[in-house]
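Down below is the structure, laid out as structure tokens.
The values are calculated or read from the model by the stated rules, or taken from the named source; none is laboratory data. Please read these numbers as outputs of a predicted model, since none were measured by experiment. Cβ sites come from the backbone with ideal geometry, for glycine too, and all protein chains shown count toward neighbours. Note: areas computed on protein heavy atoms with side chains; ligands, DNA, RNA excluded. Shrake-Rupley method; radii C 1.70, N 1.55, O 1.52, S 1.80 Å.
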Amino acid sequence: MKKPQALIVDDEPDIRELLEITLERMDVTTLSAECLKTARTLLKQHRFDLCLTDMKLPDGDGLDLVEYLQLGDKPTPVAVITAHGSMDTAIRAMKAGAFDFIAKPLDLPVLRQIISKALLLRPEVNSKDKRTRHILLGESAAMCQVRSKIEKLARSQAPVYISGESGSGKELVARLIHQQSPRSDKPFIAVNCGAIPHELMESEFFGHRKGSFSGAIADKTGLFQAAESGTLFLDEVADLPQSLQVKLLRAIQEKKVRKVGDSQEIPVDVRILSATHRDLGQMVQTGQFRQDLYYRINVIDLNIPPLRQRGDDIIQLTRHILATLNKSSEQQPPLSEAALLALRHYAFPGNVRELENILERAMALSDGKTIEVEDLNLPSASNGAENAPELDPAQTSLEDYLPAIEKKVLVAALESTQWDKASAAEQLGLSFKSLHYRLKKLGLN
């Protein structure tokens, strides 16, 4: 295999020499430039597998070079060198397409990690079979755009914030980003931040030393260390308490963690992907989520469209789900045209997860020959606002009207989740306690 070649762009001779020595010891040939003009000349004359550039150059900004390197069909991975503490600059660079960043003074182990990851993107290295059991189905324009963005994001180390409604496939998207990235052969650790008791969160994320608190009978490895060299997916990140948000921000910025009860920090190499069905931007406005952490995890935003906006994909998804279910079932009843049409026009407040539940239930209820509309048992109130009773000001008070709307919305959510209260609460953006209170108040408990 041909030796990889890197371009170094920095106006400081000492930095250029340090980078040249580091790369040569990693069996990478180098060419160097002290300014943007020379760098562009070299880029026209040679093909590079990696570029390392300072952000401040005599004749311009390293950001210009980052953007220039993104113009080709297969962009050259570029890592930017920033001044110490210039996190805003690093975030700007990664939004522009930079592979990663490293702050001065250069940490050589971290630098070598970045170089190794970037070199894994070379076509001759990255040609291994990436097929997995995870598939993102749909030929709608929205899903084609999502798949295209996943492919681009897989080539970066930038933190990605995946937004979308419950059941829309956020964890699947996170797994695909990981599986198409240079980290694909390393761990993918997914954690539901809302499922961990607050008092255990620090220990779960960062680990603890034996005897550091009551019940710590042995050393524990945290999630960051478990995901070393891989990807850590923080699902429902909006549920993190403020106390942990501060520590998570430091771990992401410094790329180091400290176990509970330990005095030493441990370097970690982890890519952060996060998701929530809640409006994180609104939570920042109300002070429920730290703004600095929000900007750190939301370097790139990837929104997953709800199923109701992907009507053309519903039939394809239905057939795929039925084929999957039929593999574990002796009966293989087809779906009638009327049933397909009913699914095509249903709003799916629970998105793909709800579609899976509906089809699994329909297979159990069908006579084994054909799945009909009645087998689907679709909720009649798929949208509480649309199906709310007409308001007659002369006969109905507001106090009676609002509970009627709330009742319809709650019943629709419960029916779509087969009366799974935890799933219904998640779908509605409520806590389980809040849902329980509302059901009790409306006599639905």
Would you please name the residue that is modelled with the highest pLDDT, looking only at residues in region 149-176 that are more than 25 Å from residue 102 (Cβ to Cβ) and part of a strand (DSSP E or B)? 162
Working only within region 166-184, note down all residues that are under 25 Å from residue 429 (Cβ atoms) and crowded, with 23+ Cβ neighbours inside 10 Å. 166, 167, 168, 169, 170, 173, 174, 177
When you scan region 267-293, how many residues do you find that are open to solvent by 40 Å² or more (accessible area, probe 1.4 Å) and either aliphatic (A, V, I, L, M) or within 28 Å of residue 351 (Cβ to Cβ) (or both)? 7
Within region 128-143, is even one residue of a type in the set (A, V, I, L, M) and open to solvent by 40 Å² or more (accessible area, probe 1.4 Å)? yes
How many of the residues making up region 1-55 are open to solvent by 70 Å² or more (accessible area, probe 1.4 Å) and closer than 17 Å to residue 118 by Cβ? 8
Based on this model, can you work out whether residue 356 counts as open to solvent by 70 Å² or more (accessible area, probe 1.4 Å) and either under 21 Å from the mean Cα position of the chain (by Cα) or closer than 22 Å to residue 425 by Cα (or both)? yes
Leading residue by the ranking (surrounded by the fewest Cβ atoms within 10 Å (Cβ to Cβ)) among those in region 185-205 that are of a type in the set (D, E, K, R) and under 13 Å from residue 248 (Cβ atoms): 204
Return the pair list, or none, for Cβ contacts closer than 7 Å from residues in region 96-121 that are modelled with pLDDT of 90 or more to residues that are of a type in the set (Phe, Trp, Tyr), at least 6 apart or on different chains. 118/99
In region 239-266, what count of residues is obtained for those that are hydrophobic (A, V, I, L, M, F, W, C) and either more than 24 Å from residue 90 (Cα to Cα) or surrounded by fewer than 15 Cβ atoms within 10 Å (Cβ to Cβ) (or both)? 3
Return yes when residue 203 is closer than 21 Å to residue 257 by Cβ and either under 19 Å from the mean Cα position of the chain (by Cα) or not in a loop (DSSP other than H, G, I, E, B) (or both) and no when it is not. yes
Name, by its number, the condition in (1) open to solvent by 70 Å² or more (accessible area, probe 1.4 Å); (2) of a type in the set (S, T, N, Q); (3) in contact (Cβ under 8 Å) with a residue 12 or more places away in the chain that does not hold for residue 318. (1)
What about residue 88, is it surrounded by fewer than 16 Cβ atoms within 10 Å (Cβ to Cβ), modelled with pLDDT under 90 and under 28 Å from residue 185 (Cβ atoms)? no
Just to verify a result, which residue in region 233-271, among those that are small (Gly, Ala, Ser) and under 19 Å from residue 196 (Cα atoms), is nearest to the chain's Cα centre (by Cα)? 238
